[in-house]
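Written out below as structure tokens is the structure these notes cover.
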Amino acid sequence: MIATAESKTFVSSTANLPSISGFEAKISALVNNNDQVYLPKTNLKLEQIKSGFACALHMHQPTIPAGENGALICNLQHMFNHQGEGDNHNAGVFAWCYSRMGEFIPQLVADGCNPRIMLDYSGNLLWGLQQMGRHDILDNLKKITCDGQYQPYVEWLGTMWSHAVAPSTPIPDLKLQIQAWQHHFASIFGEEALSRVKGFSPPEMHLPNHPDTLFEYIKALKDCGYRWLLVQEHTVENIDGSGLEHRQKYMPNRLVAKNSRGEVISITVLIKTQGSDTKLVAQMQPYHEAKTLGKQDIKGISIPSCVSQIADGENGGVMMNEFPRGFQPLWYDLKNGSDVVGFNGTEYLELIEANGINPEDYPICQPVGQHKIWAKVADNITTATVENAIAELNQNDHQFHMDGASWTNDLSWVKGYENVLEPMNKLSAMFHQKYDRLVAEDPTVTQRADYQEALLYNLLVQTSCFRYWGQGMWTDYARELYRRGEQLCQ
């Protein structure tokens, strides 16, 4: 059955607030399952495939205090309200981009094609579409998400609710961001749809490389039921510090995180290859790259190579205009049979693991720069030795940093933004000081209006746009959000 209205299970009881908390135990029970998502439904036969490609579209619009009397509104609404400023005339095209997969996929399937696409929508954007009453967009998305005939073709990826970049997100808020998105997604698309979300797409492809931050990040992802993470090629390295081998980029890897107490955790990752992201996806270059690849062996078992790629789904002329001309015709070309196919990430992993691959046998990688830390620490792993190693490397190695790495690798998300980061960390501390003990004593506190509103502002201050888009108006927005959050957390 197609879901035509929001799920009532996870909807916030507080008017004008998004559904971002209140059902933590129920969500956890729902997502922590070992059920096969795509294997029972896939029409792909592994033995007939030499290689494949997996493409994701990332969609986001920040929430800003720019409505009437400073009300929280979606930046897309602000664009519609101020058509004459900058690129705001693209607002209508952006809105269509958020909706168009709900048109493309049903048409392709009706014509006998076998398309694949992964979708990553921030919580900010989902809430913004609700605030704007854009049920046309949401209903298009519900059609390809909740109607069983389209589920084999579309995969949703989880993300941080407010597009927070992990390395500079306060560690206690990593899980809150992840859970908030799960709440919100379930409130729109329902429990069954959320139970199928197994891959995670980090905002700005940003991967923490501080050992303790990474460990807590991976732990939070796994606690929240995620099986795999999408990472950028140059954000990871082999254990010896070398870059990934060519073939290694086209198979799953195992990202290993070791913290300063010597604890180890790992998660499967798919490697997003480097390049001009929007141009590559708009012109379906991953398919053309996949055609040059063949099968590979992991511990003697043959698997197809897979080219993984993600791009903004709406941002820039190539995605607004060229993507439909690249995406749609491709599937008609493949309709008559090919040994190169489209995958979704979870589908690919389930297929190869059903063929006998053990995730423990994937090549091992770690965040870039960590080999330098562990070389200094050696076997003497303590919080002090790790921090001393980081301090020494920061002082003596100009190529070393602990800001993490992302698809905008020339941009630091820390340096120059102390005026945003300091309030962000302060608000987080205030929030947890006020509510952690209360929630520990009574988990239903997360259903209260005061908790939900304070959580909302805590998460919103962490939105990466307030740094990525530079100083000025955007940092002013962050200060105003901080001011309101501070009042709520006193």
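The values are calculated or read from the model by the stated rules, or taken from the named source; none is laboratory data. Just so we're clear, the structure is a prediction, and the values are computed from it rather than from any experiment. As a convention, Cβ positions derive from the backbone with ideal geometry for all residues, glycine included, and neighbour counts pool all protein chains shown.
Which residue out of H234, H210 is surrounded by fewer than 22 Cβ atoms within 10 Å (Cβ to Cβ) and on the phi < 0 side of the Ramachandran plot? Break it down stepwise before answering.
On the way: H210 fails: surrounded by fewer than 22 Cβ atoms within 10 Å (Cβ to Cβ).
Sole residue among the options that is surrounded by fewer than 22 Cβ atoms within 10 Å (Cβ to Cβ) and on the phi < 0 side of the Ramachandran plot: H234.
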- [ ] Considering only the stretch 121-132, state which residues are of a type in the set (A, V, I, L, M), touching a strand residue (DSSP E or B) at 6+ places or on another chain (Cβ under 8 Å) and part of a helix (DSSP H, G or I).
- [x] L125, L129
TODO: Scan the stretch 47-65 for residues that are surrounded by fewer than 19 Cβ atoms within 10 Å (Cβ to Cβ) and in contact with a strand residue (DSSP E or B) (Cβ under 7 Å, 6 or more places away or on another chain) and jot them down.
DONE: K50
TODO: Check the stretch 369-386 and report whether any residue there is in contact with a strand residue (DSSP E or B) (Cβ under 6 Å, 6 or more places away or on another chain), surrounded by fewer than 19 Cβ atoms within 10 Å (Cβ to Cβ), in a loop (DSSP other than H, G, I, E, B) and not polar (S, T, N, Q).
DONE: no
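What about A375, is it over 22 Å from I310 (Cβ atoms) and out of contact with any helix residue (DSSP H, G or I) (no Cβ under 7 Å at 6 or more places or on another chain)? Can you show your working first?
Details: over 22 Å from I310 (Cβ atoms): yes; out of contact with any helix residue (DSSP H, G or I) (no Cβ under 7 Å at 6 or more places or on another chain): yes.
Yes; evaluated as a whole, the condition is true for this residue.
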TODO: Kindly list, by first and then second residue, each pair from a residue in the stretch 59-88 that is free of Cβ contacts under 8 Å to residues at least 24 places away in the same chain to a residue that is in a loop (DSSP other than H, G, I, E, B) and among the hydrophobic types (A, V, I, L, M, F, W, C), limited to pairs with Cβ atoms under 7 Å and residues at least 6 apart or on different chains.
DONE: H78/A66
Open item on the list: When you scan the stretch 282-304, do you find a residue that is under 24 Å from L125 (Cα atoms), assigned to a strand (DSSP E or B) and out of contact with any helix residue (DSSP H, G or I) (no Cβ under 6 Å at 6 or more places or on another chain), even just one?
Closed with: no
Task: E322 vs. criteria out of contact with any strand residue (DSSP E or B) (no Cβ under 9 Å at 6 or more places or on another chain) and of a type in the set (D, E, K, R) - done: yes
- [ ] Please verify whether the stretch 357-370 includes one or more residues that are touching a Gly at 6+ places or on another chain (Cβ under 8 Å) and either at pLDDT 90 or above or over 22 Å from H234 (Cα atoms) (or both).
- [x] yes
Task: Complete set of residues in the stretch 383-402 that are under 19 Å from A257 (Cβ atoms) and more than 31 Å from the chain's Cα centre (by Cα) - done: T385
Open item on the list: All but one of (1) in contact with a strand residue (DSSP E or B) (Cβ under 9 Å, 6 or more places away or on another chain); (2) hydrophobic (A, V, I, L, M, F, W, C); (3) assigned to a helix (DSSP H, G or I) hold for M118; state the number of the condition that does not hold.
Closed with: (3)
- [ ] Would you check which residues across the stretch 109-156 are crowded, with 23+ Cβ neighbours inside 10 Å and among the hydroxyl-bearing types (S, T, Y) and list them?
- [x] Y121, S122, T145, Y153
Task: Unmet requirement for C306, which otherwise passes all of (1) crowded, with 24+ Cβ neighbours inside 10 Å; (2) within 12 Å of A56 (Cα to Cα) - done: (2)
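Name the residue that is nearest to the chain's Cα centre (by Cα), counting only residues in the stretch 133-166 that are of a type in the set (A, V, I, L, M, F, W, C) and assigned to a helix (DSSP H, G or I).
Residue satisfying both the conditions and the ranking: A166.
Rundown of residues vs (1) surrounded by 18 or more Cβ atoms within 10 Å (Cβ to Cβ); (2) modelled with pLDDT under 95; (3) under 19 Å from Y348 (Cα atoms); (4) within 19 Å of the chain's Cα centre (by Cα), yes/no style:
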residue: I188; (1), (2), (3), (4): yes, no, no, yes
residue: S201; (1), (2), (3), (4): yes, no, yes, yes
residue: M205; (1), (2), (3), (4): yes, yes, no, yes
residue: L230; (1), (2), (3), (4): yes, no, yes, yes
residue: I239; (1), (2), (3), (4): no, no, no, no
residue: E245; (1), (2), (3), (4): no, yes, no, no
residue: M251; (1), (2), (3), (4): yes, no, yes, no
residue: N259; (1), (2), (3), (4): yes, yes, no, no
Open item on the list: Within the stretch 209-228, take every residue that is within 19 Å of I390 (Cβ to Cβ) and part of a loop (DSSP other than H, G, I, E, B) and give me the one that is nearest to the chain's Cα centre (by Cα).
Closed with: N209
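Taking L72, is it more than 19 Å from Y477 (Cα to Cα), at pLDDT 95 or above and touching a Ser or Thr at 6+ places or on another chain (Cβ under 8 Å)?
Numbers: more than 19 Å from Y477 (Cα to Cα): no; at pLDDT 95 or above: yes; touching a Ser or Thr at 6+ places or on another chain (Cβ under 8 Å): yes.
Spelling it out, it is not the case that L72 is more than 19 Å from Y477 (Cα to Cα), at pLDDT 95 or above and touching a Ser or Thr at 6+ places or on another chain (Cβ under 8 Å).
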